[in-house]
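Contents: one structure, followed by commentary.
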């Protein structure tokens, strides 16, 4: 269902959307029995994204701040991985001693709250820098509770541009969401000079009753055969944003601005997310976005892979009508390969036999 912003007021903790404080999240007040102040967080082994030892951001040097308007916040509900909330951004600004940039609309912030209070964050934001080039941020964070979530920031910027320095730093920071003001703020610190004291660490331990959330995408084994069509989606797209000669090669970001769904899942494609194409290092297509069904349920979608072998995966409430999407295996047509009665780029999705 759609989670209205006003219901989030009072559910915000320092550095994170405090999903553990939302109804049904099962995470308590967002406070941890473990004192993490002044200590390095050692991520759970299943959290394999970016940096395993995360120092206190404020021990580094503040290099960037950002204020970003929110378009909406959606409560996905209890999924196979935990309690999921997704924020979609509008435009914002990023400033620092060496940079001025716009944060472009359509960014995604995924927050996962686990039953013991542990939080995990994933963000995808696109920047337009003052030299009129584009850069992308693919960030991830974790914390023992919502009170001390630390986000590791990773930039892809043109290597021959003014802001190439973004590619080589070691960045950790905070992000907070003010639901009443519909605003997200970021504070980003350069921490490469921060020493890790082995005597001052806290290991984050995730509960064992749920599988770890996947950071990658499913790759189809040889011989998979498509079965029945589950839906056709007509996707409306925005103007593409080319990130050239970045640290991971070229990337082309095509914003997703809406659309419609027909079939076993009917409803609409929500504003937000994009196809974050990476023809250099892959995946060639990597679409991350949201659906809202006619019954109000929110479904997180990732459709990735080579253009002729796309694999969609879904995350939605285990208590809802579309729980079957969480556990099945599916395939997708190439872009334009569907049969839609609605406008937009048409894509068909299928069950695997």
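Values as computed for the structure displayed
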{"read-out": "Read-out log10 I(q)/I(0) by the Debye sum over Cα atoms at q = 0.12, 0.14 Å⁻¹, derived from the coordinates shown; its label in [x] -0.87, -1.19; [y] -0.82, -1.05; [z] -0.97, -1.19", "value": "[x]"}
{"read-out": "Estimated [θ] at 222 nm from DSSP helical runs (n ≥ 4, -39500 (n - 2.57)) normalised by residues in the chain, nearest 500", "value": "0 deg cm²/dmol"}
{"read-out": "At R0 = 30 Å, FRET efficiency that the Cβ-Cβ distance of residue 201 and residue 181 yields, to 0.05", "value": "0.30"}
{"read-out": "Segment residue 264-residue 237, extension gain: residue separation times 0.36 nm, minus the distance between their alpha carbons", "value": "7.4 nm"}
{"read-out": "Inter-centroid distance (Cα atoms) of the range 330-353 relative to the range 100-127, Å", "value": "28 Å"}
{"read-out": "Simple label model, 7 Å out from Cα along Cβ direction - residue 69 to residue 247, nm", "value": "3.1 nm"}
{"read-out": "Reciprocal of mean inverse Cα separation for the range 5-203 (Kirkwood radius, Å)", "value": "16.9 Å"}
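Where a number appears in this text, it was derived from the coordinates with a stated rule and is not lab data. Predicted, not measured: the structure shown is a model, and the values here were computed from it. Please note: Cβ atoms are built from the backbone with ideal geometry, for glycine as well, and neighbour counts cover all protein chains shown.
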